[in-house]
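First the structure, in the form of structure tokens, and then the observations on it.
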Amino acid sequence: MVAIEYRKGLHLPDADLWLDPWIPCDRAFVSHAHSDHTGRHRHLICTAPTARLMQARMGGDIGQLDILPFGERRAFGSWAGTLFPAGHVLGSAQLLYEDGQGSLLYTGDFKLRKGLSSEVFQAPRADTLVMETTYGLPHYVFPPAEAVIADVLKFCTETLEDGETPVLLGYALGKAQEILSVLHSAGLPIMLHGSVYTVAQVYEEFGVTFPAYEKYDPEKLSGHVLICPPSANGSRLLTRIKKRRVAVLTGWALDPAARYRLQVDAAFPLSDHAGYDDLVQLVETVQPRRVLTLHGFAQEFARDLRARGIDAWALTGANQLEFSIVESRRSKTPEAVPLRDRPAHGFERFCSVCERIRQSTGKLRKVRFLATYLRALPAEELPHAATWLTGRAFPPHEEKAINVGWSIIHRALGAASRLSMAELRTISRRHNDAGLTATEALAHHPGEGNLAIGEIHSLLVDLRAARGPIAKTEILTEAFRRMPPIMGGYLVRILTGDLRIGLKEGLVEEAVATAFEVDATDVREAAMLLGDIGRAATLASEKRLEQAELTIFQPIKCMLASPEPDAVAIWDRLGGSGRVWLEDKLDGIRAQIHVTPERVEIYTRDLKRITDTFPEVATAAARLRREAVFDGEILAWENGTPLSFFELQKRLGRREADLFLGGEIPVAYMIFDLLQLDGRSLLKKPLTERRSLLQRLPLTDGILAAEVHTARSADEIEETFRAARARGNEGLMAKDPTSIYSPGRRGLSWLKLKKEFATLDVIVVAVEYGHGRRSNVLSDYTFAVRDEASGRLLPIGKAYSGLTDTEIEELTEVFLTQMVSRTGNRLEVDPRIVIEVAFDAIQPSDRHASGLALRFPRIKRLRPDKTVADIDTLAAARRLAGLPA
């Protein structure tokens, strides 16, 4: 392998050759003429365009030159060099270095996309690849250049039509000439900033053809497109142009809210660097034995490659010290120590696995890779890692939360990275992702430790036990200081409960089954019964899954019902035995009660403890004096009649009981299933037996059993449905009397029938960026109805489901052009987009200016045929709510 060392630049000691050094050297290869790659060296190797551009930009003597045409192999004593086009800017080159130890390809800055003003990229094979990784994170995948160019031309044309001056910002060397070439077919008058003008003339010396252009003249600017370097933004040159719209062309335009951070009117993602997908493609093309990364997200991309099984290390940042030089006994000449292919272990390995999962496509590939990882884990690490892979710090049945919110994380990141709060906020706005924010912030002062899985678990335990934000911040700050950036990023993802790697809990269960060669159904059932995928993974590894059993005070997931459109469909599904059991579908909170003579706990359908919120229900259950587990619904209840969910909602979210609310909003618990009795699980018993045991229990005040109706035809189902609606309930639950209880599953043994409530045509008045895979699109819509009396638009709800990904992406572009103001991730928009919204109920509420709120609103469809004049009124919404108009 070629000997390499990295000090103040990259050095090949056997040839005493430096690659793009930033200090004066005796001999250097200069890949291109950008100022951060050039210097005054005694002897330099480059292409003819690079030499000419250096002379034009630097002036005077630039040193003794070895000009190499592309593709010409030239010997320099004991080594030979060949230059290949890098595609970055005119004359930019890659160096293929060859000596007796092997070959090395140094890319400098490069792009695979075919540029309009630079040579077309080419890449040979090499043993070692040294590559720049400016855009080394997976979300930096650039859209097709043709689409971006079309947007740029549209921006220029519309700006000129509006009587304003379009200003396009791009680096004076490279990007500005690319912009100039983009405008070639548009026939638009063009002016160039002085520095751009100088470089364009050099380009023309080498045969690059541009459209007609003039040097900037403020007196003649009207009607022209002006191309400037980014440094001109905010300068007096631009501020003197009163009617202007400024756009920047940069790869960073892919970051959320880039145009606000860059203080421009528009940002277009056109880059002279390779995007993430092209970085990966280059590695696949060169097929090196080792990869060394430079610049940008060097550490993160190297870790990604290692997760793919490639020997890759960053030359800059925390793992720089992993790459060193020793003296060769043979020649007494410095040569590279082979890169230590340290097996990733502990939390570093966990993070690498997560990155590979995030980049993988296809369920089977993810499951196989994850199974390999889980199989290799020590027994004591397996339950923790399996739990974290579901996005949780601890199993859901463990009651006490960590209570580490973004404010604590933000302060700890600031202290560990030594960034100001303003700098940290800028990073946060750019990513709109807590994990990526932490990764970038910690890259400023990266740690070098690799904590074990057990250490991370202990850290989480300490954070959960710490009292108060100051103590938690101190613990987290110290942890961040010890971690490389990617580990800090994944720690934050675990703390916030969202890994954002496209891994659902079901895939983790399948991976556990594959890893330990057990049945996936058994793993899934064990995880449901235990409420703990980590314990299920341990049992699977020990071939003891049959020991998983429903355990008191460890809640399990609820059995779910599948929707059916009408009574006929339900009878067709369940009527084979000649009868169907029916219960009213109640409008409350699904809850599981675990009770013994000494203790009572109440859990929600997502396994959260809410005992303190409903103490009267717990007290009533305690009077049973039996060990049992019930499935049922908490209802707002008064005088033997259920109240609306909106009344019950007032009791939610309270951390301790409110003595007055218990009287104002009384509640009851309606049981519809019995899951365990006196220590014996009933999950595998038929519903008929479970209900028979339930009927024999001496239920007390506040605890009721749901009434069961038997139907023997579709007509009887329809009749019972109408009666349930008349009683004010949502509809019906239809159940197979012989069905067993299947936790967490939405099968066909339980069905639900409810008629959709009326819809409203509303208008979108504000939008917000979503979360997870929707963090880069505006997917959360606040909508309003119209008050006919005042003409005002009054918000009535917020929805984020119902549209396709394509529709959301298209609407994001529209909303960004219609923004009126912005606060954080929320954009107030010009009210133009009309949507039809369905919902389950509508009730009075002080949450919105309309005085109303919709329950479970969902977007039914877009209404491009309607305008603000066609939307529903406040009076119509009040009538639906049963209120005076």
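The values are calculated or read from the model by the stated rules, or taken from the named source; none is laboratory data. The shown structure was predicted, so the numbers you read here are calculated from the model rather than taken from an experiment. Cβ: placed from backbone, ideal geometry, glycine included. Neighbour counts: every protein chain shown.
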Practice task
Enumerate the helices (runs of 4 or more DSSP H) found wholly within segment 598-683, keeping only those where 2 or more residues are modelled with pLDDT under 80 and in the same structural domain as G702 (by TED's automatic domain parsing).
Solution key: 645-649, 659-664
Problem - Any chance R573 is under 30 Å from E719 (Cβ atoms), in a helix (DSSP H, G or I) and modelled with pLDDT under 95 - result: yes
Fill in the blank from the handout: By residue number, the members of segment 421-461 that are under 18 Å from the mean Cα position of the chain (by Cα), under 14 Å from Y490 (Cβ atoms) and outside any helix (DSSP H, G or I) are D433
Practice task
Look at Q94 and say whether it is in contact with a strand residue (DSSP E or B) (Cβ under 6 Å, 6 or more places away or on another chain) and closer than 26 Å to V286 by Cβ.
Solution key: yes
Practice task
Check whether at least one residue in segment 796-815 is modelled with pLDDT of 85 or more and farther than 21 Å from R861 by Cα, and report yes or no.
Solution key: no
Exercise for the section: Note down all Cβ pairs under 7 Å where the first residue falls in segment 235-254 and is outside the structural domain of H224 (by TED's automatic domain parsing) and part of a strand (DSSP E or B), the second is small (G, A, S) and surrounded by fewer than 17 Cβ atoms within 10 Å (Cβ to Cβ), and they're at least six residues apart or on different chains. Expected result: none
Fill in the blank from the handout: Flagged in segment 259-279 as over 14 Å from T817 (Cα atoms), assigned to a helix (DSSP H, G or I) and modelled with pLDDT under 80, in numbering order, are R261
Handout entry: Test: A258 is closer than 18 Å to A172 by Cα, in contact with a Phe, Trp or Tyr (Cβ under 6 Å, 6 or more places away or on another chain), surrounded by 19 or more Cβ atoms within 10 Å (Cβ to Cβ) and in contact (Cβ under 8 Å) with a residue 24 or more places away in the chain
Key = no
Exercise for the section: Please give the number of the condition V765 fails out of (1) at pLDDT below 90; (2) surrounded by 14 or more Cβ atoms within 10 Å (Cβ to Cβ). Expected result: (1)
Problem - Cross-chain or 6+ apart pairs with Cβ under 8 Å, segment 768-787 first and within 18 Å of A258 (Cβ to Cβ) and in the same structural domain as T817 (by TED's automatic domain parsing), then basic (K, R) and at pLDDT 75 or above - result: E768/R826; S775/R500
Problem - Candidates L168, L188, L160, L153, filtered to the one that is in a loop (DSSP other than H, G, I, E, B), more than 18 Å from F206 (Cβ to Cβ) and touching a Leu at 6+ places or on another chain (Cβ under 8 Å) - result: L188
Fill in the blank from the handout: Among the residues of segment 72-91, the number that are in contact (Cβ under 8 Å) with a residue 40 or more places away in the chain and in contact with a strand residue (DSSP E or B) (Cβ under 7 Å, 6 or more places away or on another chain) is 6
Practice task
Identify all residues within segment 82-102 that are surrounded by fewer than 22 Cβ atoms within 10 Å (Cβ to Cβ) and more than 39 Å from the chain's Cα centre (by Cα); write none if there are none.
Solution key: T82, E98, D99, G100, Q101, G102
Practice task
Run H34 past the list (1) touching a helix residue (DSSP H, G or I) at 6+ places or on another chain (Cβ under 7 Å); (2) of a type outside the set (A, V, I, L, M, F, W, C); (3) in a loop (DSSP other than H, G, I, E, B) and report the number of the one that doesn't hold.
Solution key: (1)
